[in-house]
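The values are calculated or read from the model by the stated rules, or taken from the named source; none is laboratory data. As the structure is a computational prediction, the values presented were derived from the model and not from experiment. So basically every Cβ, Gly included, is an ideal-geometry build from the backbone, and we count neighbours across all protein chains shown. Heads up: the accessible areas ignore ligands, DNA and RNA and are worked out on the full protein's heavy atoms, side chains in. Shrake-Rupley method; radii C 1.70, N 1.55, O 1.52, S 1.80 Å.
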Amino acid sequence: MVWRQIQRWVCEGKRYVNFLKSNHLSYARISSLIHKPTFKPTIDLSILEFHLNKCQHINQFNQILSQMLLTGFIRETYAASRLIKFSTHFPFIHIDYTRRIFNFIENTNCFMWNMMIRAYIQTNSPHFAFTLYKSMLSNYLGADNYTYPLLIQACSIRRSEWEAKQVHNHVLKLGFDSDVYVRNTLINCFSVCSNMTDARRVFDENSILDSVSWNSILAGYVQIGNVEEAKHIYHQMPERSIIASNSMIVLFGIKGLVVEACKLFDAMLEKDMVTWSALIACFQQNEMFEEAIRTFVGMHKIGVMVDEVVAEMQMSGFKPDEATLVSVISACARLAALEQGKWVHAYIKKNGLTINVILGTTLIDMYMKCGCVETALEVFYGMIEKGVSTWNALILGLAMNGLVESSLDMFSNMKKCHVTPNEITFVGVLGACRHMGLVDEGQHHFHSMIHDHKIQPNVKHYGCMVDLLGRAGKLQEAEELLNRMPMTPDVATWGALLGACKKHGDSEMGKRVGRKLIELQPDHDGFHVLLSNIYASKGKWDDVLEIRGMMTKHRVLKIPGCSMIEANGVIHEFLAGDKTHPNMDAIEDMLVEMAMKLKLEGYTPDTNEVLLDVDEEEKESTLFRHSEKLAIAFGLINISPPTPIRIMKNLRICNDCHTAAKLISKAFCRKIVVRDRHRFHHFEQGFCSCKDYW
DNA sequence: GGGTATTAAT
């Protein structure tokens, strides 16, 4: 009987569907319907619920709705509650439509209001939660203990500490502070707003706490980076979840407490994906790239067998996901470990992982930093979704590799694709101009950045401009700009000017700038060396000695030049003057051969660069033991053509090595790629991609 | 009938 009745309703409802749609539930029409004489329905609520649950389409919902309006069944508070509940749960019903239905309901109760508040929060309109709350109160309906967690959640989303405090006052006045949900959402909300004083106040009131309370307060301390309190909470927690431990690893990582992160990692009995990823990220962020890669390698038992990590990981058997790989690839990029990076790329393909925006961007960055422009471009064109960072990696990468024109072209393409450039984009664009000495173009972009894109230049942008002007020989303008910048110039900017003085032989300005720099950062090795080189190039050995004396006094150690080269998946390191490599004999022979061929190509050593006050012959031999020359010799022996010899150097390549590398590329018919501190040099057939402007 | 928190990456 009942079944038939509701089925009949549903059928008849069809007639009203169009009516409802075309009239947008006009109030007059609907109230006339509602005020029709009604028959008292004796429908079981569970049957209504059953039919609501079956709704797949707005029309079906409307059939039920119209019957409820028609018969007055909507006046039953419980029936109306069900209707609102379902209406807010159906993805195909717009919140405004639900709101209109809600407005017709005369006998609302707390439950319905709460459902509406929840619906607004879930549709990204948390501010309506407060509007509703206010009208709720003005309708003489008291809020209940279910209302407050919702309101507080709305505060969290809006990061509105001020609103949270007001809600908190209401909570205290009405005595809802004993409800654990209310307390937890309050703790979380204050934590999210970084207001740990109030979060802690709620937490410390002697009342029942559960794991949510503990996790929320911990998350708060992790977020503001308070290691002490976080540790304290973590140790006192009645039950430590994996998530809590993972958060601690992350916190240690950010704070550079690698040892503590490792300790905690080792102590964890249960680990998950995030645990491993967080540890790898921790190594990566703290410049421990070898460890990052090693951890990853151990993680799924591949490649070279490495130490104790493997044993443990073999038991764990986690498969790395996209987030893990991002950290690993970043580490490869920093090490210029191309082979390892390629391996990871192949791993991604083999395991069918998606190259998402972040992963793709990281891959581009890695290939660019390894000097593999083509592969980087392949990745770029293969990506479906590209973000600003993706374009930035491309623009910066191309510029770094000396492809300045392509870099600037990509900048135009980016704008054509309606991607809004950001600060970093302009670091890339200005950097590109700097690499080729495009003064006018650089100034144009600098201007456009401020006026067209409304981006205030930061210290890096100014640094670029000072460098651009300085290198181009416009020393006066560079110094003026440096004095004019609205912020205090950083050491790098002064350094750029000093470099320019050195390059253009302005020893007067050089001395001024150099002394200023040493004053600013007495323990920096590069500036002492540069200034001392300026004096040395003028033959002023007394001044050189003075600088050396200052270095001793300030305990400045000259960071030795170091070059790395990867052969057969192993990274070899050479220091200047190094004689410790196991293949030293072969390398010595190759050095002799190199010297011979170079002489034939007309090479004369550029001894200006040598800091020491020694005779020419000794200078020459010092020059010939620069780390990049050792690495090149090693590469010539161990890497067979046509594979390029790829070298990474910690400092900038010196003039002499640059000339030598060009000639070697010709004499030995080899491609040589050197990544120095700033950029790439692709040597081929006697020329360098930087066109000798660097 | 309905309400809370939580971890990894460019």
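The range A:65-154: which chymotrypsin sites (Phe, Trp or Tyr not before Pro) are DSSP loop and have at most 16 other beta-carbon atoms within 10 angstrom?
For chymotrypsin sites (Phe, Trp or Tyr not before Pro) across the range A:65-154 that sit outside H, G, I, E and B with at most 16 neighbouring Cβ atoms in 10 Å, the list reads A:F92, A:Y140.
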The range A:46-172: translational diffusion in µm²/s, Stokes-Einstein, Kirkwood Rh over Cα pairs, 37 °C, 0.692 mPa s: 215
Taking 2.2 N^0.38 Å as the expected size of a compact globular protein, what ratio does the Cα radius of gyration of the range A:376-483 give against it, to two decimals? 1.07
Cα→Cβ-extended label distance, 7 Å offset, between A:K597 and A:V570, nm: 2.4
Can you compute log10 of I(q)/I(0) for the range A:477-551 with the Debye formula, treating each Cα as one identical point scatterer, at q = 0.11, 0.12, 0.28 Å⁻¹? -0.25, -0.30, -1.37
Please work out how much length the chain gains when fully extended from A:L172 to A:A586, using 0.36 nm per residue of separation minus the C-alpha to C-alpha distance, in nm with one decimal. 140.9 nm
Before I look further, what does the range A:563-688 give for accessible area per residue, probe 1.4 Å, in whole square angstrom? 47
Amide H contacts under 5 Å for A:A576, placed H, 5+ residues apart: A:G561, A:S627
Of all DSSP beta bridges having both residues in the range A:563-688, the percent classed as antiparallel (nearest 5) is 80
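Taking Cα atoms of the range A:103-160, Rg/Rh with Kirkwood Rh, to two decimals? List each step's numbers first, then the result.
Values: Rg = 10.8 Å, Rh = 11.3 Å.
Looking at the range A:103-160, the ratio lands at 0.95.
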Degrees separating the helix A:322-335 axis from the principal Cα axis of chain A, which is the longest one: 10
Tell me which lysines have Cα within less than 17 Å of A:K349's Cα, excluding those fewer than 8 residues away on the same chain? A:K319
Relative to the longest principal axis of chain A, what angle (0 to 90°, nearest 10) does the C-alpha long axis of helix A:357-369 take? 0
Measuring from the longest principal axis of the C-alpha atoms of chain A, the long axis of helix A:45-54 (C-alpha) lies at a number of degrees, nearest 10, equal to 40
Note: A:R75 to A:C417 extended length (0.36 nm per residue) minus current alpha-carbon separation gives 117.6 nm
How high is the FRET efficiency from A:Y140 to A:Y181, r the C-beta distance, R0 22 Å, rounded to 0.05? 0.35
Size descriptor, Kirkwood hydrodynamic radius, that averages inverse alpha-carbon separations across the range A:444-519, Å: 12.5
Give the residues of the range A:144-183 whose amide nitrogen is closer than 14 Å to a point set 7 Å from the Cα of A:R201 in the direction of its Cβ. A:161-173
If I model the range A:97-213 as equal point scatterers sitting on the Cα atoms and use the Debye formula, what is log10 I(q)/I(0) at q = 0.11, 0.17 Å⁻¹? -0.35, -0.80
Give the separation of the Cα centroids, the range A:349-416 to the range A:134-207, in Å. 46
Leaving out ligands, DNA and RNA, and with a 1.4 Å probe, what % of the accessible surface on the range A:563-688 is carbon or sulfur? 51
How much of the accessible area of the range A:351-448, probe 1.4 Å, is carbon plus sulfur, in whole percent? 55
Between the alpha-carbon centers of the range A:42-69 and the range A:252-282, tell me the distance in whole angstrom. 52
Please compute the net charge surrounding A:S125, taking Lys and Arg as +1 and Asp and Glu as -1 over other residues with Cβ under 13 Å from its Cβ. +2
Quantify how much of the Cα-Cα distance distribution of the range A:563-688 extends past 25 Å, in percent. 15
Please give the Cα centre distance for the range A:619-640 versus the range A:646-687, rounded to the nearest Å. 11
For the pairs A:K460/A:K540; A:K558/A:K666; A:K649/A:K671; A:K538/A:K629; A:K263/A:K369, note any where the Cα-Cα span goes beyond 23 Å. A:K460/A:K540; A:K558/A:K666; A:K538/A:K629; A:K263/A:K369
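Taking a temperature of 20 °C and a viscosity of 1.002 mPa s, what whole-number D in µm²/s does Stokes-Einstein yield for chain A with Rh from Kirkwood over alpha carbon pairs?
69
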